[in-house]
Amino acid sequence: MKKQNQVVFYTIKGSTIKNFLILDCITGTGIFYALKIISSSFLVGFFGSIACTEGIKRLHNKQPR
């Protein structure tokens, strides 16, 4: 018996990629370095950038469209 190979295709919207690049990569990096310079601590910058980007995402989702 021969196994049948399955191929799975995932589609990702361009707006999802754009939101990820702008919000998580660019904004998160900026917040990280700003907090790291202010506090001179890697951990404060790291956790602060995570908290701020998640807060921005939640505020963005609550706004009426």
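Here are some notes:
- Residue pairs whose Cβ atoms lie under 9 Å apart, separated by 6 or more positions or on different chains, with the first residue in the range 37-65 and closer than 19 Å to residue 25 by Cα and part of a helix (DSSP H, G or I) and the second open to solvent by 100 Å² or more (accessible area, probe 1.4 Å) and not hydrophobic (A, V, I, L, M, F, W, C), are 45/33; 49/33.
- The set of residues from the range 8-20 being aromatic (Phe, Trp, Tyr) and either within 19 Å of residue 61 (Cβ to Cβ) or in contact with a strand residue (DSSP E or B) (Cβ under 9 Å, 6 or more places away or on another chain) (or both) comprises just one member, 20.
- All positions within the range 11-32 that are of a type in the set (Ser, Thr, Tyr), open to solvent by 70 Å² or more (accessible area, probe 1.4 Å) and modelled with pLDDT under 90: 16
- Tally, over the range 21-45, of residues that are under 23 Å from residue 60 (Cα atoms) and more than 13 Å from the chain's Cα centre (by Cα): 4
- Flag if residue 8 is of a type in the set (Val, Ile, Thr), surrounded by 12 or more Cβ atoms within 10 Å (Cβ to Cβ) and free of Cβ contacts under 8 Å to residues at least 12 places away in the same chain: no
The values are calculated or read from the model by the stated rules, or taken from the named source; none is laboratory data. Source: prediction; values computed, not measured. Cβ atoms come from the backbone with ideal geometry, glycine included; neighbour counts cover every protein chain shown. SASA here: full protein model, heavy atoms, side chains in, ligands and nucleic acids out. Shrake-Rupley method; radii C 1.70, N 1.55, O 1.52, S 1.80 Å.
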